[in-house]
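What follows is a set of notes on a single structure, which appears directly below.
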Amino acid sequence: PAAVAVTGALVLLAVLCMVLVLGGGSASHDPLYYVFTVFSFTSVVDLVIALEQDGYIQGYMDFYLQEGEPYLHTAYGIMICYWDGIIHYLLYLAMVAAIDQRKSYRSLGLYWLGSIMMSIIVFLPGTLIGKYSSEIRPAFLLNVPYLLLPIWAGRRLFRQPKPLPCSTADKVAEEQRKGLHQRPLDLGLILFLLVAGAFTLFRGLVVLDCPSESCFNYMYQYEPCLRDPVAYPKVQMLVYTFYFLPYVGLCIYGLVWPGCTWMPDWALVFAGAIAQAQFSHVGASLHLHTPYPYRTPEEAWGSVLLANSLYALGPHLLAYRCLRSPGFFQPPVSGPRPPDKKRQ
């Protein structure tokens, strides 16, 4: 196991050195170019791991899984490898191309930031407290850069200049004067957030062993994966409860009162986070690597998929609304001043 960890670290260091040598010129002005390039290499490795676990290829990463990170054998580990190997990989390519062409990639970066941070804050605690906690090897430390570098990258992304507003001051003032009854899309988003908040709180109570009959029935009839000893689903629901639920309340406030300038950025971050979380959670609950007693029953597939798909769709609609018409979230604009009678 120690040799596997050292080899993995040396491979990453070698890839970084190659990028530093070959990636000069127009890309050297932004250090995130090197972060995204190295992470794209690890994304391909994760995709190979996922494909090998599902039997599409064989003979590449089995030794690493046995001696390095055996918890990636789990259904949740396979799902996060698929997400990293496909979605994150495409985001890395797009952002590297944008950096090379000196174009803005702020929106893509914020979406990626939410996605990768959600992945790591569920994966690391779930591994430490789940049934694989006794099989943690030195290669587990290779996940530390996935925690530290996104934090540093997030600070740089938030400091990048925002796109210039396309609305005039008059249009912004007019948009901010509209009542909620004049904004049906915002009203629909508020209703969704209320339902999503209630669903989040309910599933949080389920994993906290609430003695209610409805919680017991839901766990055994719809999402028995919530009692899986690998602990990833339980940690996911707790992250939803302690992070997404307060965000829901803040978003409702931001959709009612104008001038919440933080809404567009954080809507992108949480859209990426929820997308990654729902893909991994739902995919793992249906995957064959999940033991049968913890797998979603076939008769509940329709309702579980519908509820979780809507749960993931809502934050994306909110992000689309914030980016499509950001005038309501810009700093409040004072109305036109009355004409000066003395000058008249």
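Scanning segment 19-42 for residues that are on the phi > 0 side of the Ramachandran plot and open to solvent by 20 Å² or more (accessible area, probe 1.4 Å) turns up at least one hit. Looking across Val44, Val21, one residue alone is under 28 Å from the mean Cα position of the chain (by Cα), assigned to a helix (DSSP H, G or I), among the aliphatic types (A, V, I, L, M) and assigned by the TED database to the domain that holds Gly126. It is Val44. Only residues that are in contact (Cβ under 8 Å) with a residue 12 or more places away in the chain and either in the same structural domain as His281 (by the TED database) or touching a helix residue (DSSP H, G or I) at 6+ places or on another chain (Cβ under 6 Å) (or both): list them for segment 88-105, please. Answer for segment 88-105, where residues must be in contact (Cβ under 8 Å) with a residue 12 or more places away in the chain and either in the same structural domain as His281 (by the TED database) or touching a helix residue (DSSP H, G or I) at 6+ places or on another chain (Cβ under 6 Å) (or both): His88, Tyr89, Leu91, Tyr92, Ala94, Met95, Val96, Ile99, Asp100. Within segment 204-263, being among the polar types (S, T, N, Q) and open to solvent by 10 Å² or more (accessible area, probe 1.4 Å) holds for Ser212, Ser214, Asn217, Gln221, Thr241, Thr261. When Leu194, Leu201 are screened for being within 19 Å of Leu317 (Cβ to Cβ), of a type outside the set (Phe, Trp, Tyr) and either outside any helix (DSSP H, G or I) or open to solvent by 60 Å² or more (accessible area, probe 1.4 Å) (or both), only Leu194 passes.
To keep it simple, each residue is scored yes or no on (1) open to solvent by 50 Å² or more (accessible area, probe 1.4 Å); (2) assigned to a helix (DSSP H, G or I); (3) over 25 Å from Arg177 (Cα atoms); (4) in contact (Cβ under 8 Å) with a residue 24 or more places away in the chain.
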| position | (1), (2), (3), (4) |
| --- | --- |
| Thr296 | no, no, yes, yes |
| Glu299 | yes, yes, yes, no |
| Gly302 | yes, yes, yes, no |
| Ser309 | yes, yes, yes, yes |
| Leu313 | yes, yes, yes, no |
| Ala319 | no, yes, no, yes |
| Cys322 | no, yes, no, yes |
| Gly327 | no, yes, no, yes |
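The values are calculated or read from the model by the stated rules, or taken from the named source; none is laboratory data. Given the structure is predicted, the values throughout are model-derived calculations rather than measurements. Positions of Cβ are backbone-derived with ideal geometry, glycine not excepted, and every protein chain shown enters the neighbour counts. Ligands, DNA and RNA are excluded from the accessible area calculation, which covers all protein heavy atoms including side chains. Shrake-Rupley method; radii C 1.70, N 1.55, O 1.52, S 1.80 Å.
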